[in-house]
Amino acid sequence: MANVLIVYGSTTGNTESVANDIAGILKGDGNDVTVLDAGRATPAGLCAGRDCVLFGCSTWGDDSVEFQDDFVPLFEAFDSIGVSGVKAAAFGCGDSSYTYFCGAVDSIDEKLKELRAKVIAPGLKIDGDPSEAADDIESWAKEVMAAL
């Protein structure tokens, strides 16, 4: 059984829904899972004592990657989360009509690698309504579970 933290930033509720779906799948496999809104996260030592941390953030933006508002302070303090050596992955929702579709997922992945996290799955990018991506979410969660 792994100790997993899922931290998400969600404005419309889509990324929160995905976080909870992933949590349900991981819990169903016997893992200890905590889901935390990024607006309530304290960056310093966030990953301490965790086997795995998953980060979810919605994205929009045509001129640049625009992170979900609550996730911005956390991302700006990523150097202090203590993710080196911790299994991690990113997911998010977006709209493919934007230039930087799910760009936050790519930015989080890059930062995790820079901080020497063990990235265990490619970023999951969901276009639009996550209820239409249930199979993709389940497949990704199972890929994460296989790496725990």
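The values are calculated or read from the model by the stated rules, or taken from the named source; none is laboratory data. In this text, all values refer to a predicted model and were calculated from it rather than measured experimentally. Note that we place each Cβ from the backbone using ideal geometry, even for glycine, and neighbour counts take in every protein chain shown. These accessible areas exclude ligands, DNA and RNA; they are computed on the full protein's heavy atoms, side chains included. Shrake-Rupley method; radii C 1.70, N 1.55, O 1.52, S 1.80 Å.
Quick notes
- Hits in the stretch 99-129 (condition: among the β-branched types (Val, Ile, Thr), part of a strand (DSSP E or B) and open to solvent by less than 30 Å² (accessible area, probe 1.4 Å)): Ile126
- Taken as a whole, the stretch 130-147 holds no residue that is outside any helix (DSSP H, G or I) and not polar (S, T, N, Q).
- Checking each residue of the stretch 4-21 against the condition of being more than 21 Å from Ala134 (Cα to Cα) and touching a residue at least 24 places away in the same chain (Cβ under 8 Å) gives no match.
So that you can scan it fast, the table gives a plain yes or no per residue for (1) within 13 Å of the chain's Cα centre (by Cα); (2) in contact (Cβ under 8 Å) with a residue 60 or more places away in the chain; (3) exposed (fewer than 14 other Cβ atoms within 10 Å of the Cβ):
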site: Ala44; (1), (2), (3): no, no, yes
site: Gly49; (1), (2), (3): no, no, yes
site: Gly56; (1), (2), (3): yes, no, no
site: Pro73; (1), (2), (3): no, no, no
site: Glu76; (1), (2), (3): no, no, yes
site: Gly82; (1), (2), (3): no, no, no
site: Ala90; (1), (2), (3): yes, no, no
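- Counting the residues of the stretch 24-58 that are of a type in the set (A, V, I, L, M) and out of contact with any Leu (no Cβ under 9 Å at 6 or more places or on another chain) gives 3.
- Number of positions in the stretch 123-148 that are in contact with an Asp or Glu (Cβ under 8 Å, 6 or more places away or on another chain) and over 15 Å from Asn20 (Cβ atoms): 5
- Restricting Gly45, Gly82, Gly92, Gly61 to residues that are touching a strand residue (DSSP E or B) at 6+ places or on another chain (Cβ under 7 Å) and among the small types (Gly, Ala, Ser) narrows the list to Gly92.
- Pairing residues of the stretch 124-148 that are in contact (Cβ under 8 Å) with a residue 12 or more places away in the chain with residues that are loosely packed, with under 15 Cβ neighbours inside 10 Å and among the polar types (S, T, N, Q), at Cβ distances under 7 Å and at least 6 apart in sequence or on separate chains, gives Asp127/Ser96.
- Filter pass, Thr34 being modelled with pLDDT of 95 or more, of a type in the set (Ser, Thr, Tyr) and open to solvent by less than 50 Å² (accessible area, probe 1.4 Å): no
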